[in-house]
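Comments concern the structure below.
All of the numbers you see were taken from the coordinates with simple rules; none came from a lab. Everything numeric here is computed off the predicted structure, so don't read it as measured data. All Cβ positions, glycine included, derive from the backbone under ideal geometry; neighbour counts span all protein chains shown.
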Amino acid sequence: MKLTRRIFMTLASSAMALGAGLAPAFAGEMPAPFDNPGEVKIALVRYLSTGDFFQAYLSGVEAQAAAIGVDLRVLDSRQDAALQADMVDQAIALGVDGIIVQHGLTESMQDAVQRALDAGIKVVAFDVNVENPAVPQVEQSDRDLARLALEQAVADNGTTFKAGYVYVPGIAPLDRRDETWLKVKAANPGIEEAAVFGTIDNPIANSVANQARSVLQANPDITVMFAPYDEFAKGVKIAVDEAGLTDQIDIYSADVSTADIAAMREPGSAWVATAATNPAVVGEVSVRTLAMLLAGEDVAASVIVPPTLITQKMLLEGDIKNMADLSAKLPQFAHADVSMPSWMPLPPR
């Protein structure tokens, strides 16, 4: 291989990173169109952005975009489905090469995504099913997230209990988690679903807390709350704490953040387990998957980031206080070896 100045400098940077104890940011010569840094433009079109998960996801997108030298535009619809579709059109007008659609509603995104594809733009979807075989779906393995949390709920509470369930239909990851909840209930007839509630009205945690207060008053015999999204779990915890029921109710959720870890570590906290991927890692995987498409590489229809079970006991015994501690003590949480061709640079670790 001809040792160009760019390659020499990259190898030198990798050597310095290794010397500093960091993962090298370069594995091979960059293919077109990434051999001209700054020439590739991509857009992240967001539906959901409220909460720690989405901030961490965005940080992962930004870090991986910087590592491969692309110009990133972030368009945030703040849960306005029509605006999100318009923002896809804005991205098309900006002349981007690729788009990541982050969450959204199938019915509002299908036509918008097809317009992008018709314009020759590559598209990757995270946690929204646009029902298009040309669009890879990046997932957190939502069914496994729910399975891990519910297996812990059964281990802790047996197969007979009354549960409250927080669910909003029409959101792809929540619908996939709901599939697992239905299977677990069918396999364990002693699990009684006493109440179903949920909202994604901002601020989500406070809105769910308002609902949960009424649910707890109407169903004082609930002993388990399944809230498979951390903003849902925060809301349920607010209501449980206010009702003085922390010793009577266990909360099981999905997703994790530093704020979630602090809430789970509180003395006597009802939030006893969550199943999660590292949202920053999921953001990185989303960008890497789009980059592979832009480089002309084959990408699977479903790109799965495997989750990890995180329990209150694990956090306390491991003295895990934040996401950095979690990544340090659970290496599988810090990086997903997904969408990783040999040439792909990683953000500094």
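In summary, the convex hull built on the alpha carbon positions of the chain has an orientation-averaged projected area of 17.9 nm².
Calculated FRET efficiency, ALA328 to ASP118, Cβ-Cβ distance, R0 = 51 Å: about 0.65 to the nearest 0.05.
Would you look at the GNM of the chain, springs on alpha carbons closer than 10 Å, and say which of GLN114, GLN79, GLN248 moves the most? Answer for the Gaussian network model of the chain: GLN248. The protection proxy used here, the mean number of other Cβ atoms lying within 10 Å of each residue, ranks peptides 326-335, 29-38, 254-263 as follows, highest first: 254-263, 326-335, 29-38. Summing +1 for each Lys or Arg and -1 for each Asp or Glu among the other residues whose beta-carbon sits under 12 angstrom from that of GLU193 gives 0. Only helices enter this figure: runs of n ≥ 4 DSSP H residues, each worth -39500 (n - 2.57), summed and divided by the residues of the chain, yield -14500 deg cm²/dmol at 222 nm to the nearest 500. Quick check: Cα centre of segment 196-236 to Cα centre of segment 121-145, how many Å? Rounded to whole Å, the Cα centres lie 27 Å apart. Over all distinct Cα-Cα pairs of segment 255-338, the Kirkwood formula returns a hydrodynamic radius of 14.0 Å. The ranking of LYS321, LYS185 by Cβ neighbour count inside 10 Å, starting from the fewest, reads LYS321, LYS185. Model label sites at GLU317 and ASP35, defined 7 Å from Cα along the beta-carbon direction, differ in position by 5.3 nm. Running a GNM on the chain with Cα contacts under 10 Å, which residue among LYS122, LYS162, LYS183 ends up with the highest mean-square fluctuation? Most flexible of the set in this elastic network: LYS183.
Taking segment 142-276 as the region of interest, the number of lysine pairs whose Cα atoms are within less than 22 Å, with members eight or more places apart or on different chains, is 4.
Within the straight-line cut-off of under 23 Å between alpha carbons, the lysines reachable from LYS329 are LYS313, LYS321, sequence neighbours fewer than 8 places apart in one chain being disregarded.
Report, in order of residue number, the helices in the chain meeting two criteria: a C-alpha extent of 15 Å or more along the helix axis, and a mean Kyte-Doolittle hydropathy of at least 1.0; treat each whole DSSP H run as one helix. What comes out of the filter, once short or polar helices are dropped, is 279-294. So which residue, out of VAL130, VAL215, VAL272, gets the largest mean-square fluctuation from a GNM of the chain using Cα contacts under 10 Å as springs? Most flexible of the set in this elastic network: VAL215. Shown for THR277, THR160: other C-beta atoms within 10 Å of each C-beta, ranked fewest to most, produce the order THR160, THR277. The order of PHE197, PHE53, going from fewest to most other C-beta atoms within 10 Å of their C-beta, is PHE197, PHE53.
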